[in-house]
1. Tell me, what is the FRET efficiency for Glu143 and Asp66 to the nearest 0.05, using R0 = 30 angstrom and their Cβ-Cβ distance as r?
2. At 0.36 nm per residue, and after removing the present C-alpha to C-alpha distance, how many nm does the segment from Ile39 to Thr25 gain when stretched out fully?
3. Would you mind calculating the gained length between Arg51 and Lys101 on full extension (0.36 nm times residue separation, minus the Cα-Cα distance), in nm to one decimal?
4. Of all the C-alpha pairs in the range 1-120, what % are more than 20 Å from each other?
5. Per the helix-only calculation at 222 nm, which mean residue ellipticity applies to the chain, given -39500 (n - 2.57) for every DSSP H run of n ≥ 4 and division by its residues, nearest 500 deg cm²/dmol?
6. Magnitude of the Cβ-charge dipole of the range 3-154, K/R +1 and D/E -1, about the Cα centre, nearest 20 debye?
7. Which value, in debye to the nearest 20, describes the size of the charge dipole of the range 5-51 about its Cα centre when Lys and Arg Cβ atoms bear +1, Asp and Glu Cβ atoms bear -1, and nothing else is charged?
Amino acid sequence: CRCEAVEMERTLAMIKPDGLSGKYTEAIKEVILDSGFHIVKETEVQLDAERASVFYAEHSQRSFFDSLVKYITSGPVLAMVLERPDAVAQWRTLIGPTDAKKAKTSHPNSIRAMCGLDSEKNCVHGSDSPESADREISFFFGEAESVTVEHDEL
Ligand code: RTP
Ligand code: MG
């Protein structure tokens, strides 16, 4: 075959508490799969304030930080590892702008337009770079497994 080598990439997607409680999980997964992503792993977890503060550490000095931590710990989230070529950028495009209210007019087909409410309650998260994706995937799923070296007991 004349197949080109296609470089796969992974990103961390998260359905936030409002997305889960609003019963948007199946609709969001349909968009994910229709857009050529493979869902490699998923886990539903309830974050506490301490874990949430680690996840959003980059925003710790922002005025909205306390409100953000309260929001993201208000119920379980569904974290997913998504894979496809250019996954980080493709997923960010699919979810749309941070402010879901603006998304409804500027990006009506985006996921945030579908299930978000405003600049905070925007129903989904996406890693903003491959480096963030590595950090966020480790946050939810642990470090990538290293090769196990088997050896006989003495
Ligand atoms: P995310 O990290 O969740 O994918 O969203 P993002 O990159 O589009 O936005 P970011 O600037 O990283 O902000 C993280 C989350 O904080 C909440 N936020 N609230 N009240 C506000 O002005 C405000 N600004 C941001 C949102 O939930 C946003 O997704
Ligand atoms: Mg962000």
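Since every read-out is calculated from the coordinates, none of them should be taken as a lab result. Because the structure is a prediction, the values reported are computed rather than measured. We place every Cβ from the backbone using ideal geometry, glycine too, and count neighbours over all the protein chains shown.
1. With a Förster radius of 30 Å, E is 0.50.
2. 3.7 nm
3. Roughly 15.2 nm would be gained on extension.
4. Value for the range 1-120: 48 percent of Cα pairs lie more than 20 Å apart.
5. Numbers: 8 runs with 63 residues, N = 154.
Result for the chain: -11000 deg cm²/dmol, rounded to the nearest 500.
6. Values: 16 positive and 27 negative charges, 238 e Å.
Magnitude of the dipole: close to 1140 debye.
7. Working: 6 positive and 10 negative charges, 8 e Å.
In debye, rounded to 20, the range 5-51 gives about 40.
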